[in-house]
Amino acid sequence: MSEKLQPGKIDGGLSAEGLRFGMVVSRFNSFITDRLLAAAVDALERAGAGSKDVDVVHVPGSFELPLAARKLAATGKYDALIAIGCILRGETAHYDYVCSETARGLQLAQMDSGLPIMFCVLTCDTLEQAIDRAGLKGGNKGFEAGLAAIEMAHLSRKLRGPEAKAAPSTEPRRRK
């Protein structure tokens, strides 16, 4: 046993060619979400995605992101989704509930569907923090989400394998 163990490595790629993406974007705090969306689209375009490869759905607020993402995932048309929102802390506990349930809902949609869903929801104490993460000091989290969606789409395909069955339906089962 003189050979050193060399584990196999499975990576995702960074070319968007041949992939389809869905984006769900909150209209609330659109000053921020519009910037995140533009950067995510830029990342996909730079990686080779075309207009026909990307669909965008707008929802009223971040709390509505999980339902729309789940419904998009159920169509079977996409290789990855990006959920974009911005939640700013206010004076009440509402912020905590919206942040928690949005994150939980998106994670459940991802786990139930098996489709990668990028979490590009800023949860910031101040508008200044959100601005920094949407293109200033902190770069643009939308661009990062676009790249992550490409990588996870490739990785998901590789992990699924050639004999993969169709993803299970995300629609609730009806009782007879």
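Here, each number is a calculation from the coordinates, and none is a lab measurement. The model shown is predicted, which means the values in this text are computed figures rather than measured ones. Methodologically, a virtual Cβ is constructed for each residue, glycine included, from the backbone with ideal geometry; neighbour enumeration extends over all protein chains shown.
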| request: Determine if the range 80-91 includes at least one residue that is among the small types (G, A, S) and over 22 Å from I150 (Cβ atoms). | output: yes
| said: Suppose the filter is of a type in the set (D, E) and over 13 Å from L122 (Cα atoms); does D42 pass it? | reply: yes
| said: When you check L127 against the structure, is it farther than 20 Å from A39 by Cβ and not β-branched (V, I, T), yes or no? | reply: no
| Among residues of the range 96-121, those that are touching a residue at least 24 places away in the same chain (Cβ under 8 Å), farther than 17 Å from K141 by Cβ and over 15 Å from the mean Cα position of the chain (by Cα), counted | 2
| Does at least one position in the range 39-52 carry a residue that is of a type in the set (K, R) and either under 14 Å from I150 (Cα atoms) or surrounded by 22 or more Cβ atoms within 10 Å (Cβ to Cβ) (or both)? | yes
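How about the range 13-38: which of its residues are more than 24 Å from S62 (Cβ to Cβ) and crowded, with 20+ Cβ neighbours inside 10 Å?
A16, L19, listed by residue number.
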| request: Evaluate the following for L115: is it buried (at least 18 other Cβ atoms within 10 Å of the Cβ), in contact with a helix residue (DSSP H, G or I) (Cβ under 7 Å, 6 or more places away or on another chain) and assigned to a loop (DSSP other than H, G, I, E, B)? | output: yes
